[in-house]
Amino acid sequence: MTFKGNVIASVLCIGAILFLVPEQGLLGFTSALLLQSGFATTYHLYHALQSIELPVDIVGWMIKPALAITFGSMGMKYVHNNILMTAFSLRISTFIAIVILGIFYLGFLFAFKCVTKKDIEMFIH
């Protein structure tokens, strides 16, 4: 199953590269790689969940984290462009923005209850 999923994902990626790159360049190539990763992840997750008994929580596993990174990114883009870029060089402001985005993301994960104190304790021990 793993080989089959990777072959299908690779063929999708090559097709997307042939179609998207001539028109969109690097953005098309990046989109093709995201398509490949997304398909492979979904395919393998689907087959793994068929093999084990694990309740699937699409909202908690996918929707809430996607919202967390979206809100964090939007807030950080504003902070980066309007505050950090006026005070620091591009390199330093980008580094600071990445660190703050990580903190925002973790904060949103806790706020949306995607990660709990129990999860952290279980991870540490």
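Structure notes:
- Filter pass, A9 being over 14 Å from the mean Cα position of the chain (by Cα), assigned to a helix (DSSP H, G or I), of a type in the set (G, A, S) and at pLDDT below 90: no
- Of note, K77 satisfies the criterion of being part of a helix (DSSP H, G or I) and open to solvent by 80 Å² or more (accessible area, probe 1.4 Å).
- Of residues in the range 112-125 being open to solvent by less than 100 Å² (accessible area, probe 1.4 Å) and without any contact (Cβ under 8 Å) to a residue 12 or more places away in the chain, the one farthest from V56 (Cα to Cα): E121
- Condition met for S51 (within 30 Å of G5 (Cα to Cα), among the polar types (S, T, N, Q) and open to solvent by 90 Å² or more (accessible area, probe 1.4 Å)): yes
- Qualifying position, being touching a residue at least 40 places away in the same chain (Cβ under 8 Å), open to solvent by 50 Å² or more (accessible area, probe 1.4 Å) and part of a helix (DSSP H, G or I), among L45, L27, L34, L67: L67
- Residue within the range 71-94 that is closer than 30 Å to K4 by Cα and not hydrophobic (A, V, I, L, M, F, W, C) present: no
- Among the residues examined, I63 qualifies as under 23 Å from G38 (Cβ atoms) and not aromatic (F, W, Y).
- Total residues in the range 80-95, condition surrounded by fewer than 17 Cβ atoms within 10 Å (Cβ to Cβ) and assigned to a helix (DSSP H, G or I): 11
- Subset of the range 78-92 [within 19 Å of F104 (Cα to Cα) and not hydroxyl-bearing (S, T, Y)]: V79, H80, N81, N82, I83, L84, M85, I92
- Search result, residues across the range 11-66 that are under 28 Å from T116 (Cα atoms), β-branched (V, I, T) and touching a helix residue (DSSP H, G or I) at 6+ places or on another chain (Cβ under 8 Å): V56
The values are calculated or read from the model by the stated rules, or taken from the named source; none is laboratory data. Here the structure is a predicted model, which means the values were calculated and not measured. Every residue, glycine as well, gets a Cβ built from its backbone with ideal geometry; the counts of neighbours run over all protein chains shown. Areas reflect the complete protein model, heavy atoms only, side chains present, ligands, DNA and RNA absent. Shrake-Rupley method; radii C 1.70, N 1.55, O 1.52, S 1.80 Å.
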